[in-house]
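For reference, the structure is listed below as structure tokens.
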Amino acid sequence: MVKIVGVSFRRADKIYYFDPMGYDLQRGDYVIVETSKGKELGQVVLPVRDIPQSEVPEQLKPIVRLATPWDLVSKDMWAHKEAEALEICAQKVREHGLKMKLVRCEYNYDGGRLVVYFTAEKRVDFRALVRDLAKTFHTRIEMRQIGDRDEAKMLSGYGRCGRELCCASWLREFSPISIKMAKTQNLPLDPSEITGVCGKLLCCLSYELITYEEAQKKLPRVGSVVTTVYGKGRVLRVNALTETVTVRLIGANGEEGDIVELGLDGLYTRRDGGTVHADHACRGCAITAGQRKR
């Protein structure tokens, strides 16, 4: 077993594992850690715990020390200079005629490094820009090209649900999202309905996907012919959350009949396309039957 501690460098950012080096660290503690880019100030989000050696992602870097009050003051002071740095960087980009969109400038806790985040359609040769910025800010400059989702995560905003973006408030890592997820949940495929402010498919398409997939295993497919308590019919719609299907009944001569909504107890179907008669109607079917009699 190996002792690790989870540290994050921004709100809702990825969690990185470090060697606690004997420190008794609790959630919320601020620490100075050694990273591949130098020393950084982060916050503990996972207290010290033991995990198997096989689960350690890579060689653990150490916790250098606990952050002091001055470290926090210094970080806050440099953070207040980031907006001004962004304006200066934008001016330099225009002077160099580079096709890039600046997203954010971020100092590390002691001002020893300035990271400039940007988006661009293609690779950008920013070597001359970096030299110019280094002379202007007298610190080490890093340029990082990010994607549309990362831009939305940094800038934050509000989604169509009216709440703060998931990626900016709690979602630490992005998962692959596909159009198939929307189809599985019978969502409209209108791009304006299933895309977020970043222009990509909504991350929340994956939240209820497993629920829909499990429910649909019990239900017939749209277009399949089933035998119901009222006779044969063709499935028009499937509601995975309520586990009901909407069926248009088929008469003895093949003519179209009434449309009814049935639950699982009102019909059964086999995956091979064959049908099995229902044993009894569910409560929802009885209500529908009563409405049809009237």
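Projecting the Cα atoms of Ile15, Ser169, Ser192 onto the charge dipole of the chain (Cβ charges, centred on the Cα centre) puts Ser192 farthest toward the positive pole.
Dipole magnitude for the chain: about 560 debye, using +1 per Lys or Arg Cβ and -1 per Asp or Glu Cβ, origin at the Cα centre. Leu205 sits among other residues whose Cβ lies under 13 Å from its own Cβ, and their net charge, with Lys and Arg +1 and Asp and Glu -1, is +1. Between helix 82-96 and the chain there is an angle of about 90 degrees, using the helix long axis and the longest principal axis of the Cα atoms. Model label sites at His96 and Arg160, defined 7 Å from Cα along the beta-carbon direction, differ in position by 3.8 nm. Residues of region 151-189 falling in the label zone of Leu264, defined by backbone nitrogen less than 13 Å from a point 7 Å along Cα to beta-carbon, are absent. Taking label points 7 Å from Cα along the Cα-to-Cβ direction, Ile15 and Arg27 give a separation of 0.9 nm. Which of rounded, prolate or oblate describes region 2-67 when judged by the alpha-carbon gyration tensor and an a/c cut-off of 1.5? The shape class here is rounded. The length gained by stretching the chain between Thr119 and Trp70 to full extension, at 0.36 nm per residue less their Cα-Cα distance, is 14.3 nm. Of the labelled figures [x] 1.03; [y] 1.18; [z] 0.99, only one reflects Rg/Rh (Cα atoms, Kirkwood Rh) as derived from the coordinates, namely [y].
Laboratory data are not the source of any read-out in this text; all were calculated from the coordinates shown. Quick caveat, the model's predicted, so the values are computed rather than measured. In this analysis, Cβ positions are derived from the backbone assuming ideal geometry, glycine residues included, and neighbour counts consider all displayed protein chains.
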